[in-house]
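Below: one structure, written as C-alpha coordinates.
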Amino acid sequence: MTDRQKSFAQDKGPRNPVIVIPGVLGSKLVADSASQSVWGEWCPGYTDPASSEAAQLFGLPMEIGTPLDRLRSGSQVDGVLGIVRGSMIGVPLKLTAYGDVMSAMGVQSFADTFAEHPGEGNGAEAFEFSYDWRRSLDESAIALQAFIHRATRFLQVQRNSSDPIRFNIVAHSMGGLLLRYFLQYGGQLLPYDGSGPRLNWAGAAYVDKAVIIGTPNAGAVQMLDRLVQGIPANPIHPAYGPVLVGTFPSGYQLLPRPRHRPHGNRDNNILDADFWLSRDWGITASWLDEERARQLPGLSSPGRRLEVAEDHLRKCLHNAEVFQRAMDRPLEAVPDHLEFHLFVGDAQRTPSEFAGERGDRQLKWVAYGPGDGTVLASSARLDEPGNGSPIPWNSITVLKSNHMGLVKDRQLLGKVLELIGS
(Lines give C-alpha, C1' and ligand atoms only; values in the text may rest on other atoms or scores of the structure.)
Protein backbone atom coordinates (compact mmCIF):
# COMPACT_ATOMS: atom_id res chain seq x y z
CA MET A 1 0.00 0.00 0.00
CA THR A 2 1.36 3.44 -0.87
CA ASP A 3 1.94 6.08 1.86
CA ARG A 4 -1.04 8.05 0.54
CA GLN A 5 -3.28 4.99 0.66
CA LYS A 6 -2.07 4.12 4.18
CA SER A 7 -2.88 7.60 5.44
CA PHE A 8 -6.44 7.37 4.16
CA ALA A 9 -6.95 3.91 5.59
CA GLN A 10 -5.64 5.02 9.00
CA ASP A 11 -6.98 8.55 9.30
CA LYS A 12 -10.49 8.09 7.93
CA GLY A 13 -13.34 6.02 9.17
CA PRO A 14 -15.48 3.87 6.90
CA ARG A 15 -16.02 5.60 3.58
CA ASN A 16 -18.53 5.22 0.82
CA PRO A 17 -17.92 2.15 -1.31
CA VAL A 18 -16.53 2.87 -4.77
CA ILE A 19 -17.60 1.73 -8.23
CA VAL A 20 -15.26 2.07 -11.24
CA ILE A 21 -16.87 2.36 -14.69
CA PRO A 22 -14.70 2.06 -17.83
CA GLY A 23 -15.19 3.77 -21.17
CA VAL A 24 -16.05 2.52 -24.65
CA LEU A 25 -14.24 -0.74 -25.51
CA GLY A 26 -13.37 -1.04 -21.80
CA SER A 27 -15.22 -4.26 -20.94
CA LYS A 28 -14.31 -7.70 -22.24
CA LEU A 29 -16.74 -9.57 -24.47
CA VAL A 30 -16.96 -13.36 -24.77
CA ALA A 31 -19.19 -15.70 -26.77
CA ASP A 32 -22.32 -16.80 -24.93
CA SER A 33 -21.67 -20.47 -25.65
CA ALA A 34 -18.04 -20.57 -24.52
CA SER A 35 -15.19 -18.56 -23.07
CA GLN A 36 -14.04 -17.60 -26.57
CA SER A 37 -12.80 -14.00 -26.59
CA VAL A 38 -14.75 -11.58 -28.76
CA TRP A 39 -13.04 -8.40 -27.47
CA GLY A 40 -10.28 -7.77 -24.95
CA GLU A 41 -7.96 -10.76 -25.34
CA TRP A 42 -6.30 -11.40 -28.68
CA CYS A 43 -4.63 -14.69 -27.90
CA PRO A 44 -5.01 -17.90 -29.97
CA GLY A 45 -8.68 -18.75 -30.37
CA TYR A 46 -10.11 -15.21 -30.35
CA THR A 47 -12.89 -14.34 -32.78
CA ASP A 48 -11.47 -13.07 -36.09
CA PRO A 49 -13.29 -9.77 -36.85
CA ALA A 50 -13.20 -10.50 -40.59
CA SER A 51 -15.26 -13.69 -40.14
CA SER A 52 -18.98 -14.29 -40.34
CA GLU A 53 -18.77 -15.52 -36.76
CA ALA A 54 -17.55 -12.11 -35.58
CA ALA A 55 -20.44 -10.41 -37.35
CA GLN A 56 -22.81 -12.32 -35.08
CA LEU A 57 -20.71 -11.94 -31.93
CA PHE A 58 -19.01 -8.52 -32.10
CA GLY A 59 -21.65 -6.69 -34.12
CA LEU A 60 -25.18 -6.23 -32.81
CA PRO A 61 -28.16 -7.63 -34.74
CA MET A 62 -30.17 -5.48 -37.13
CA GLU A 63 -33.89 -6.05 -37.73
CA ILE A 64 -36.42 -3.77 -39.38
CA GLY A 65 -39.18 -2.82 -36.95
CA THR A 66 -37.40 -4.11 -33.83
CA PRO A 67 -36.50 -1.45 -31.22
CA LEU A 68 -32.81 -1.19 -30.36
CA ASP A 69 -33.26 -2.41 -26.79
CA ARG A 70 -34.83 -5.66 -28.02
CA LEU A 71 -31.95 -6.66 -30.28
CA ARG A 72 -29.96 -9.44 -28.63
CA SER A 73 -26.28 -10.19 -29.21
CA GLY A 74 -24.58 -13.59 -29.25
CA SER A 75 -21.89 -12.38 -26.84
CA GLN A 76 -21.83 -11.09 -23.29
CA VAL A 77 -19.73 -8.93 -20.97
CA ASP A 78 -16.98 -10.64 -18.97
CA GLY A 79 -15.48 -8.03 -16.66
CA VAL A 80 -13.66 -4.72 -17.03
CA LEU A 81 -10.65 -4.71 -19.35
CA GLY A 82 -7.99 -4.24 -16.67
CA ILE A 83 -5.17 -5.81 -18.67
CA VAL A 84 -5.06 -6.24 -22.46
CA ARG A 85 -3.52 -9.50 -23.64
CA GLY A 86 -2.40 -10.29 -27.14
CA SER A 87 0.66 -11.24 -29.16
CA MET A 88 2.81 -9.80 -31.90
CA ILE A 89 4.79 -12.12 -34.20
CA GLY A 90 4.13 -14.88 -31.70
CA VAL A 91 5.45 -12.89 -28.75
CA PRO A 92 2.90 -12.54 -25.88
CA LEU A 93 2.03 -8.95 -24.97
CA LYS A 94 0.32 -7.60 -21.85
CA LEU A 95 -0.66 -3.94 -21.42
CA THR A 96 -2.50 -2.23 -18.59
CA ALA A 97 -5.83 -0.64 -19.52
CA TYR A 98 -8.00 0.04 -16.43
CA GLY A 99 -5.92 -2.00 -14.00
CA ASP A 100 -4.22 1.00 -12.36
CA VAL A 101 -7.35 2.96 -11.59
CA MET A 102 -9.21 -0.11 -10.35
CA SER A 103 -6.31 -1.06 -8.12
CA ALA A 104 -6.00 2.48 -6.76
CA MET A 105 -9.70 2.57 -5.92
CA GLY A 106 -9.45 -0.77 -4.10
CA VAL A 107 -10.83 -3.29 -6.60
CA GLN A 108 -9.03 -6.34 -5.25
CA SER A 109 -8.65 -8.29 -8.48
CA PHE A 110 -6.32 -5.59 -9.80
CA ALA A 111 -4.38 -4.78 -6.63
CA ASP A 112 -1.08 -5.88 -8.18
CA THR A 113 -0.99 -3.10 -10.79
CA PHE A 114 -0.90 -0.08 -8.47
CA ALA A 115 -0.59 -1.00 -4.80
CA GLU A 116 2.83 -1.98 -3.44
CA HIS A 117 1.26 -4.84 -1.49
CA PRO A 118 -1.40 -6.65 -3.54
CA GLY A 119 -4.71 -7.22 -1.83
CA GLU A 120 -4.53 -4.32 0.64
CA GLY A 121 -6.24 -1.79 -1.65
CA ASN A 122 -6.98 1.66 -0.23
CA GLY A 123 -9.17 0.63 2.66
CA ALA A 124 -12.39 1.08 0.70
CA GLU A 125 -14.98 -1.40 -0.49
CA ALA A 126 -14.74 -1.22 -4.26
CA PHE A 127 -16.40 -2.79 -7.28
CA GLU A 128 -15.90 -2.81 -11.03
CA PHE A 129 -18.95 -2.30 -13.24
CA SER A 130 -18.54 -3.90 -16.64
CA TYR A 131 -21.24 -3.20 -19.21
CA ASP A 132 -21.95 -3.74 -22.88
CA TRP A 133 -20.47 -0.56 -24.35
CA ARG A 134 -22.05 -1.34 -27.71
CA ARG A 135 -25.59 -0.79 -26.50
CA SER A 136 -27.51 2.44 -25.98
CA LEU A 137 -26.46 4.11 -22.74
CA ASP A 138 -29.97 4.18 -21.32
CA GLU A 139 -29.90 0.37 -21.45
CA SER A 140 -26.56 0.42 -19.63
CA ALA A 141 -28.07 2.74 -17.00
CA ILE A 142 -30.68 0.08 -16.29
CA ALA A 143 -27.86 -2.45 -15.87
CA LEU A 144 -26.01 -0.04 -13.56
CA GLN A 145 -29.12 0.40 -11.41
CA ALA A 146 -29.49 -3.37 -11.04
CA PHE A 147 -25.77 -3.68 -10.22
CA ILE A 148 -26.01 -1.02 -7.50
CA HIS A 149 -29.01 -2.79 -5.98
CA ARG A 150 -27.02 -6.04 -5.84
CA ALA A 151 -23.92 -4.32 -4.45
CA THR A 152 -26.04 -2.56 -1.82
CA ARG A 153 -27.60 -5.79 -0.68
CA PHE A 154 -24.19 -7.50 -0.60
CA LEU A 155 -22.75 -4.74 1.57
CA GLN A 156 -25.75 -4.71 3.89
CA VAL A 157 -25.32 -8.44 4.46
CA GLN A 158 -21.58 -7.98 5.00
CA ARG A 159 -22.20 -5.17 7.49
CA ASN A 160 -25.20 -6.88 9.10
CA SER A 161 -27.11 -3.64 8.62
CA SER A 162 -30.09 -2.49 6.57
CA ASP A 163 -28.94 1.15 6.52
CA PRO A 164 -29.05 2.77 3.07
CA ILE A 165 -25.73 3.04 1.25
CA ARG A 166 -24.40 5.66 -1.12
CA PHE A 167 -21.48 5.10 -3.49
CA ASN A 168 -18.70 7.21 -4.93
CA ILE A 169 -18.42 6.42 -8.63
CA VAL A 170 -15.30 6.90 -10.76
CA ALA A 171 -16.11 6.83 -14.48
CA HIS A 172 -13.87 7.23 -17.52
CA SER A 173 -14.80 8.44 -21.01
CA MET A 174 -18.15 7.03 -22.17
CA GLY A 175 -18.60 5.67 -18.65
CA GLY A 176 -19.05 9.27 -17.50
CA LEU A 177 -21.98 9.71 -19.88
CA LEU A 178 -23.50 6.50 -18.57
CA LEU A 179 -23.06 7.77 -15.00
CA ARG A 180 -24.56 11.17 -15.75
CA TYR A 181 -27.59 9.61 -17.46
CA PHE A 182 -28.11 7.27 -14.50
CA LEU A 183 -27.87 10.12 -11.98
CA GLN A 184 -30.38 12.27 -13.85
CA TYR A 185 -32.82 9.66 -15.12
CA GLY A 186 -32.26 6.46 -13.15
CA GLY A 187 -33.25 3.33 -15.07
CA GLN A 188 -35.49 4.95 -17.70
CA LEU A 189 -35.34 3.79 -21.30
CA LEU A 190 -35.32 6.55 -23.88
CA PRO A 191 -38.92 6.84 -25.11
CA TYR A 192 -39.41 5.58 -28.65
CA ASP A 193 -41.47 8.64 -29.57
CA GLY A 194 -38.52 11.01 -29.06
CA SER A 195 -40.08 12.86 -26.13
CA GLY A 196 -37.09 12.20 -23.85
CA PRO A 197 -36.85 10.79 -20.34
CA ARG A 198 -38.15 12.60 -17.25
CA LEU A 199 -35.52 14.32 -15.10
CA ASN A 200 -36.06 12.71 -11.70
CA TRP A 201 -32.54 12.35 -10.21
CA ALA A 202 -33.44 8.75 -9.34
CA GLY A 203 -29.84 7.56 -9.65
CA ALA A 204 -28.55 10.32 -7.38
CA ALA A 205 -30.20 8.61 -4.41
CA TYR A 206 -27.37 6.05 -4.57
CA VAL A 207 -24.39 8.36 -5.26
CA ASP A 208 -22.53 11.02 -3.28
CA LYS A 209 -19.60 11.83 -5.58
CA ALA A 210 -19.45 11.46 -9.35
CA VAL A 211 -15.82 11.51 -10.51
CA ILE A 212 -15.84 11.95 -14.28
CA ILE A 213 -12.60 11.46 -16.26
CA GLY A 214 -12.07 12.50 -19.89
CA THR A 215 -15.75 12.14 -20.77
CA PRO A 216 -16.93 13.44 -24.19
CA ASN A 217 -19.91 15.26 -22.70
CA ALA A 218 -20.35 17.12 -26.01
CA GLY A 219 -19.17 14.20 -28.14
CA ALA A 220 -15.91 13.44 -29.94
CA VAL A 221 -15.32 13.97 -33.65
CA GLN A 222 -13.11 10.88 -33.79
CA MET A 223 -16.17 8.71 -33.18
CA LEU A 224 -17.47 9.85 -36.54
CA ASP A 225 -14.32 8.50 -38.18
CA ARG A 226 -14.76 5.16 -36.37
CA LEU A 227 -18.23 4.89 -37.89
CA VAL A 228 -16.78 5.70 -41.33
CA GLN A 229 -13.67 3.51 -41.34
CA GLY A 230 -14.09 1.20 -38.34
CA ILE A 231 -11.54 0.54 -35.62
CA PRO A 232 -8.06 0.51 -37.21
CA ALA A 233 -5.64 -2.32 -36.55
CA ASN A 234 -2.79 -1.86 -34.07
CA PRO A 235 -0.01 -4.16 -32.78
CA ILE A 236 -2.44 -5.78 -30.32
CA HIS A 237 -5.60 -6.33 -32.36
CA PRO A 238 -6.73 -6.48 -36.01
CA ALA A 239 -9.09 -4.01 -37.69
CA TYR A 240 -12.82 -4.07 -36.98
CA GLY A 241 -14.84 -2.88 -39.97
CA PRO A 242 -17.35 -0.03 -40.13
CA VAL A 243 -20.37 -2.31 -40.44
CA LEU A 244 -19.48 -3.98 -37.14
CA VAL A 245 -18.95 -0.61 -35.42
CA GLY A 246 -22.00 0.88 -37.15
CA THR A 247 -24.31 -1.57 -35.40
CA PHE A 248 -23.51 0.03 -31.99
CA PRO A 249 -26.18 2.56 -30.85
CA SER A 250 -23.69 3.97 -28.33
CA GLY A 251 -21.30 5.01 -31.10
CA TYR A 252 -23.84 7.49 -32.48
CA GLN A 253 -24.49 8.83 -28.98
CA LEU A 254 -20.77 9.79 -28.86
CA LEU A 255 -20.97 11.94 -31.99
CA PRO A 256 -20.23 15.67 -31.59
CA ARG A 257 -23.14 18.08 -31.37
CA PRO A 258 -24.26 19.45 -34.76
CA ARG A 259 -24.61 22.92 -33.19
CA HIS A 260 -20.84 22.92 -32.55
CA ARG A 261 -20.27 22.66 -36.31
CA PRO A 262 -17.79 19.77 -36.44
CA HIS A 263 -18.08 19.89 -40.23
CA GLY A 264 -17.78 23.67 -40.38
CA ASN A 265 -21.29 24.17 -41.74
CA ARG A 266 -24.48 24.41 -39.69
CA ASP A 267 -26.41 22.74 -42.55
CA ASN A 268 -24.40 19.52 -42.20
CA ASN A 269 -26.33 17.67 -39.51
CA ILE A 270 -24.41 14.52 -38.62
CA LEU A 271 -27.45 13.20 -36.72
CA ASP A 272 -29.50 13.21 -39.94
CA ALA A 273 -29.49 9.89 -41.83
CA ASP A 274 -29.68 11.75 -45.15
CA PHE A 275 -26.29 13.33 -44.33
CA TRP A 276 -24.75 9.83 -44.16
CA LEU A 277 -26.59 8.51 -47.21
CA SER A 278 -25.65 11.50 -49.36
CA ARG A 279 -21.97 10.98 -48.57
CA ASP A 280 -21.98 7.20 -48.90
CA TRP A 281 -20.46 6.82 -45.43
CA GLY A 282 -20.82 4.36 -42.60
CA ILE A 283 -22.94 1.25 -42.34
CA THR A 284 -24.81 1.95 -45.61
CA ALA A 285 -21.73 2.76 -47.73
CA SER A 286 -21.80 1.16 -51.19
CA TRP A 287 -18.38 -0.44 -50.77
CA LEU A 288 -19.42 -2.38 -47.68
CA ASP A 289 -21.88 -4.89 -49.10
CA GLU A 290 -19.54 -7.82 -48.40
CA GLU A 291 -19.42 -6.77 -44.74
CA ARG A 292 -23.20 -6.37 -44.66
CA ALA A 293 -23.54 -9.89 -46.11
CA ARG A 294 -21.56 -11.29 -43.18
CA GLN A 295 -23.70 -9.30 -40.75
CA LEU A 296 -26.97 -10.34 -42.39
CA PRO A 297 -26.35 -13.90 -43.63
CA GLY A 298 -30.05 -14.65 -43.93
CA LEU A 299 -30.53 -12.04 -46.65
CA SER A 300 -29.27 -12.89 -50.15
CA SER A 301 -30.25 -9.61 -51.82
CA PRO A 302 -27.81 -6.67 -51.58
CA GLY A 303 -30.78 -4.32 -51.83
CA ARG A 304 -32.54 -5.97 -48.91
CA ARG A 305 -29.35 -5.86 -46.82
CA LEU A 306 -28.99 -2.16 -47.57
CA GLU A 307 -32.62 -1.58 -46.55
CA VAL A 308 -32.01 -3.25 -43.17
CA ALA A 309 -28.79 -1.28 -42.62
CA GLU A 310 -30.51 2.02 -43.44
CA ASP A 311 -33.32 1.23 -41.00
CA HIS A 312 -30.73 0.54 -38.30
CA LEU A 313 -28.86 3.75 -39.11
CA ARG A 314 -32.04 5.80 -38.80
CA LYS A 315 -32.96 4.17 -35.48
CA CYS A 316 -29.48 4.76 -34.05
CA LEU A 317 -29.37 8.40 -35.14
CA HIS A 318 -32.85 9.10 -33.77
CA ASN A 319 -31.84 7.44 -30.52
CA ALA A 320 -28.65 9.54 -30.37
CA GLU A 321 -30.55 12.77 -30.95
CA VAL A 322 -32.95 12.02 -28.10
CA PHE A 323 -30.06 11.00 -25.84
CA GLN A 324 -28.00 14.13 -26.56
CA ARG A 325 -30.99 16.39 -25.97
CA ALA A 326 -31.57 14.71 -22.61
CA MET A 327 -27.90 15.08 -21.63
CA ASP A 328 -27.65 18.76 -22.63
CA ARG A 329 -30.72 20.08 -20.86
CA PRO A 330 -30.23 22.61 -18.01
CA LEU A 331 -30.18 20.75 -14.72
CA GLU A 332 -32.86 21.63 -12.19
CA ALA A 333 -33.10 20.75 -8.50
CA VAL A 334 -29.70 19.08 -8.28
CA PRO A 335 -29.67 17.10 -5.00
CA ASP A 336 -27.66 18.96 -2.34
CA HIS A 337 -25.52 15.94 -1.47
CA LEU A 338 -24.43 15.18 -5.04
CA GLU A 339 -20.99 16.35 -6.20
CA PHE A 340 -19.60 16.43 -9.74
CA HIS A 341 -15.80 16.33 -10.11
CA LEU A 342 -14.19 16.50 -13.56
CA PHE A 343 -10.69 15.47 -14.65
CA VAL A 344 -9.79 16.67 -18.11
CA GLY A 345 -6.73 16.64 -20.35
CA ASP A 346 -5.86 19.82 -22.25
CA ALA A 347 -2.26 19.39 -23.44
CA GLN A 348 -2.80 17.14 -26.46
CA ARG A 349 -3.66 18.26 -29.99
CA THR A 350 -7.23 17.04 -30.38
CA PRO A 351 -9.38 17.02 -33.56
CA SER A 352 -12.28 19.45 -33.46
CA GLU A 353 -13.40 19.67 -37.09
CA PHE A 354 -13.36 17.27 -40.03
CA ALA A 355 -13.65 17.35 -43.81
CA GLY A 356 -14.76 14.60 -46.14
CA GLU A 357 -16.21 14.06 -49.59
CA ARG A 358 -18.74 11.54 -50.86
CA GLY A 359 -17.28 8.04 -50.82
CA ASP A 360 -14.33 8.85 -48.56
CA ARG A 361 -13.25 5.90 -46.46
CA GLN A 362 -11.39 8.03 -43.94
CA LEU A 363 -12.00 11.58 -42.76
CA LYS A 364 -9.51 14.44 -42.64
CA TRP A 365 -8.95 16.60 -39.56
CA VAL A 366 -8.91 20.28 -40.50
CA ALA A 367 -8.99 21.94 -37.06
CA TYR A 368 -7.73 21.09 -33.60
CA GLY A 369 -8.12 22.27 -30.04
CA PRO A 370 -6.74 21.51 -26.57
CA GLY A 371 -7.79 18.17 -25.16
CA ASP A 372 -6.49 14.68 -24.39
CA GLY A 373 -5.96 13.66 -28.01
CA THR A 374 -9.44 12.13 -28.24
CA VAL A 375 -11.78 14.39 -26.26
CA LEU A 376 -11.64 18.17 -26.43
CA ALA A 377 -11.39 19.88 -23.04
CA SER A 378 -14.40 21.99 -24.04
CA SER A 379 -16.39 18.80 -24.73
CA ALA A 380 -15.48 17.31 -21.35
CA ARG A 381 -16.68 20.50 -19.63
CA LEU A 382 -19.74 20.67 -21.94
CA ASP A 383 -19.00 24.32 -22.57
CA GLU A 384 -21.66 26.31 -24.38
CA PRO A 385 -20.43 29.66 -25.73
CA GLY A 386 -21.92 32.44 -23.64
CA ASN A 387 -23.77 30.04 -21.35
CA GLY A 388 -21.08 28.02 -19.61
CA SER A 389 -21.86 24.42 -18.76
CA PRO A 390 -25.22 23.01 -17.62
CA ILE A 391 -23.28 20.66 -15.33
CA PRO A 392 -22.64 22.20 -11.88
CA TRP A 393 -19.02 21.07 -11.54
CA ASN A 394 -17.76 21.12 -7.94
CA SER A 395 -14.19 20.90 -9.20
CA ILE A 396 -12.31 20.68 -12.49
CA THR A 397 -8.75 19.32 -12.52
CA VAL A 398 -6.68 19.84 -15.66
CA LEU A 399 -3.98 17.31 -16.53
CA LYS A 400 -1.44 16.75 -19.31
CA SER A 401 -2.08 13.06 -20.01
CA ASN A 402 -3.70 11.63 -23.12
CA HIS A 403 -7.09 9.93 -23.10
CA MET A 404 -6.13 6.48 -21.79
CA GLY A 405 -3.17 7.93 -19.91
CA LEU A 406 -5.59 9.78 -17.64
CA VAL A 407 -6.62 6.59 -15.84
CA LYS A 408 -2.95 5.80 -15.17
CA ASP A 409 -1.91 9.34 -14.22
CA ARG A 410 -0.45 9.31 -10.69
CA GLN A 411 -1.58 12.88 -10.02
CA LEU A 412 -5.14 11.97 -10.99
CA LEU A 413 -5.15 8.79 -8.90
CA GLY A 414 -3.89 10.69 -5.86
CA LYS A 415 -6.47 13.45 -6.23
CA VAL A 416 -9.29 10.97 -6.72
CA LEU A 417 -8.25 9.17 -3.55
CA GLU A 418 -8.43 12.50 -1.72
CA LEU A 419 -11.90 13.17 -3.10
CA ILE A 420 -13.39 9.82 -2.22
CA GLY A 421 -11.67 9.85 1.16
CA SER A 422 -13.03 13.23 2.20
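Couple of notes before you dig in:
- Residue, nearest to the chain's Cα centre (by Cα), within region 207-233, restricted to residues that are within 20 Å of Asn168 (Cα to Cα) and crowded, with 23+ Cβ neighbours inside 10 Å: Thr215
- In this entry, Asp138 is excluded by the filter for residues that are of a type in the set (Asp, Glu) and modelled with pLDDT under 95.
- Inside region 145-167, residues that are exposed (fewer than 12 other Cβ atoms within 10 Å of the Cβ) and either modelled with pLDDT under 95 or more than 15 Å from Ala202 (Cα to Cα) (or both) make up a count of 8.
- Out of Val322, Val344, Val334, sole residue that is in contact with a Gly (Cβ under 7 Å, 6 or more places away or on another chain), outside any helix (DSSP H, G or I) and not acidic (Asp, Glu): Val344
- Note on region 395-422: residues that are out of contact with any His (no Cβ under 6 Å at 6 or more places or on another chain) and outside any helix (DSSP H, G or I) total 11.
- Test: Gly86 is closer than 18 Å to His237 by Cα, in a loop (DSSP other than H, G, I, E, B) and not acidic (Asp, Glu): no
- Condition check for Trp276: crowded, with 20+ Cβ neighbours inside 10 Å and aromatic (Phe, Trp, Tyr): yes
- Candidate set: region 333-348, residues that are more than 25 Å from Leu255 (Cα to Cα) and of a type in the set (D, E, K, R); chosen: the one farthest from the chain's Cα centre (by Cα): Asp336
- Residues of region 43-83 satisfying the condition of being under 18 Å from the mean Cα position of the chain (by Cα), free of Cβ contacts under 8 Å to residues at least 60 places away in the same chain and assigned to a loop (DSSP other than H, G, I, E, B): Leu81, Gly82
- Filter pass, Thr374 being closer than 27 Å to Ser103 by Cα, of a type in the set (S, T, N, Q), touching a strand residue (DSSP E or B) at 6+ places or on another chain (Cβ under 9 Å) and not in a strand (DSSP E or B): yes
- Just one of the listed residues (Tyr185, Tyr192) is of a type in the set (Ser, Thr, Tyr), surrounded by fewer than 18 Cβ atoms within 10 Å (Cβ to Cβ) and over 26 Å from Asp372 (Cα atoms), namely Tyr192.
- Which listed residue, of Pro392, Pro370, Pro351, is farther than 29 Å from Leu227 by Cα and within 22 Å of the chain's Cα centre (by Cα): Pro392
- Scanning region 394-404 for residues being of a type outside the set (Ser, Thr, Tyr) and crowded, with 17+ Cβ neighbours inside 10 Å gives a total of 4.
- Taken over region 377-392, the criterion of being closer than 20 Å to Ile212 by Cα and either among the acidic types (Asp, Glu) or assigned to a loop (DSSP other than H, G, I, E, B) (or both) is satisfied by Leu382, Asp383, Glu384, Ser389, Pro390, Ile391, Pro392.
Each row is one residue, and each column tells you yes or no for (1) surrounded by fewer than 18 Cβ atoms within 10 Å (Cβ to Cβ); (2) touching a Lys or Arg at 6+ places or on another chain (Cβ under 7 Å); (3) of a type outside the set (A, V, I, L, M).
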| residue | (1), (2), (3) |
| --- | --- |
| Ala333 | yes, no, no |
| Arg349 | yes, no, yes |
| Arg358 | yes, yes, yes |
| Arg361 | yes, no, yes |
| Gly369 | yes, no, yes |
| Leu382 | no, no, no |
| Ser389 | no, yes, yes |
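- Among (1) crowded, with 24+ Cβ neighbours inside 10 Å; (2) of a type in the set (Ser, Thr, Tyr); (3) more than 15 Å from Val24 (Cβ to Cβ) - the single one Ser173 does not satisfy: (3)
- Within region 16-54, being among the acidic types (Asp, Glu) and in contact with a Ser or Thr (Cβ under 7 Å, 6 or more places away or on another chain) holds for Asp32, Glu53.
- So Leu288, is it over 30 Å from Val416 (Cβ atoms), in contact with a Pro (Cβ under 7 Å, 6 or more places away or on another chain) and either in contact (Cβ under 8 Å) with a residue 12 or more places away in the chain or assigned to a helix (DSSP H, G or I) (or both): yes
- Restricting attention to region 238-257, the residues that are farther than 21 Å from Gly74 by Cα, of a type outside the set (D, E, K, R) and part of a loop (DSSP other than H, G, I, E, B) add up to 3.
- Region 178-228, residues that are of a type in the set (Val, Ile, Thr) and either part of a loop (DSSP other than H, G, I, E, B) or under 19 Å from Ile391 (Cβ atoms) (or both): Val207, Val211, Ile212, Ile213, Thr215
- Selection within region 148-202: residues that are among the aromatic types (Phe, Trp, Tyr) and in contact (Cβ under 8 Å) with a residue 40 or more places away in the chain. The member of this set that is farthest from Phe127 (Cα to Cα) is Tyr192.
The values are calculated or read from the model by the stated rules, or taken from the named source; none is laboratory data. Please read these numbers as outputs of a predicted model, since none were measured by experiment. Counting neighbours? That spans all protein chains shown, and the Cβs are built from the backbone with ideal geometry, glycine included.
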